[in-house]
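A short write-up of the structure that comes next.
The values are calculated or read from the model by the stated rules, or taken from the named source; none is laboratory data. Quantities reported herein were computed from a predicted structural model and do not represent experimental measurements. Note: ideal-geometry Cβ built from the backbone for every residue, glycine included; neighbour counts use all protein chains shown.
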Amino acid sequence: MIVKAYQTLEDKDNIDHIETEGPFECRRAGAWLGFGYYFWDTNMDWAIAWGENSYKTCGKEFVVAECKLDLTNNCFDLVGNMQHQIDLKEVIEVMVHAKKIKNNDEAIVPNIILFMKEKGIFPYKTIRSADMHKNVMRLHFKTGKGEYMVINQRVQICVIEKKGVLLRPFSVVYPENYLL
Amino acid sequence: MKSELANKLKDILDNMSQEQFDQEWSPITALKLDGPSFADAIEYFSVSIDKMGKFELNTDIQNEISLTTNYLAAS
């Protein structure tokens, strides 16, 4: 599966640098799938909304750059692959049962992913995960019933290894005045 | 039967002393990453009866189709 992917970046009036050197790795503590290159999957509106809610509120401008990602091989897909969700649950259970983590605050998902990477048993180059917001749209199957379909999902892709995944060009596509 | 990933992790942990684990875990926690807890992840990835919606069988339809199928229709 090849998808369009978007990265939201601060506009420092350096579009050429962004397009040649980007995408850029996230190494913040909030990188909840571990360090990597974070993208919004397919729907550029989420990338723009992220810019509006993060950069703009701090008085900064932002751009959105687009590329394509090849997720055909080695994607740990927590959105579209139910087995991968079960895999994640099982590795967490294994870690819990091993009782080796002394501090409960350290028992978090990014730590176990990083541990598996360090031990060379996490074979995936990308992680795809829904990053839902509380206001996510729920399309109810029937009025008054509890069942609903989650639509317009906000999906993130964390690229751990670019080789074989990132398909250039990496081009700034927003705001429109940067389009020539 | 656990997944291949879980089995590999179990093998590693089974063959690691606590001291060795602490040494390798320490640089990871030093990064002070944020993310969902194991407890939340296990809860949300698990299926339980109370997470299921309650359905009422549509007996009108059921009476019509019960001769030919085992499928239970819900309204």
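Please work out if A:I151 is surrounded by 12 or more Cβ atoms within 10 Å (Cβ to Cβ) and under 22 Å from A:Y38 (Cα atoms).
Values: surrounded by 12 or more Cβ atoms within 10 Å (Cβ to Cβ): no; under 22 Å from A:Y38 (Cα atoms): yes.
No: the conditions fail for A:I151.
For the condition outside any loop (DSSP other than H, G, I, E, B), under 17 Å from the mean Cα position of the chain (by Cα) and more than 20 Å from A:K162 (Cα to Cα), what is the one hit in A:I86, A:I48, A:I92?
The match here is A:I48.
When A:F76 is evaluated against the numbered criteria (1) within 14 Å of another protein chain (Cβ to nearest Cβ); (2) modelled with pLDDT of 95 or more; (3) surrounded by fewer than 18 Cβ atoms within 10 Å (Cβ to Cβ), which criterion, by number, is the only one it fails?
With (1) within 14 Å of another protein chain (Cβ to nearest Cβ); (2) modelled with pLDDT of 95 or more; (3) surrounded by fewer than 18 Cβ atoms within 10 Å (Cβ to Cβ) applied to A:F76, the lone miss is (3).
Take the conditions within 30 Å of B:S46 (Cα to Cα), buried (at least 19 other Cβ atoms within 10 Å of the Cβ), aromatic (F, W, Y) and within 14 Å of another protein chain (Cβ to nearest Cβ) and apply them to A:W40. Does it pass?
no
Looking at region B:1-22, I want the residues that are within 12 Å of A:A98 (Cα to Cα) and more than 8 Å from every other protein chain (Cβ to nearest Cβ) and have a partner that is aromatic (F, W, Y) and assigned to a loop (DSSP other than H, G, I, E, B) with Cβ atoms under 9 Å, at least 6 apart or on another chain. Which pairs are those?
Listed by first residue and then by second, the contacts come to nothing, as the list is empty.
So A:K68 ticks every box in (1) crowded, with 19+ Cβ neighbours inside 10 Å; (2) modelled with pLDDT of 95 or more; (3) not in a helix (DSSP H, G or I) but one. Which box is left unticked?
(1)
Considering only residues that are more than 7 Å from chain B (Cβ to nearest Cβ) and hydrophobic (A, V, I, L, M, F, W, C), which ones fall in region A:102-135?
Hits for region A:102-135 are A:I112, A:I113, A:F122, A:I127, A:A130, A:M132.
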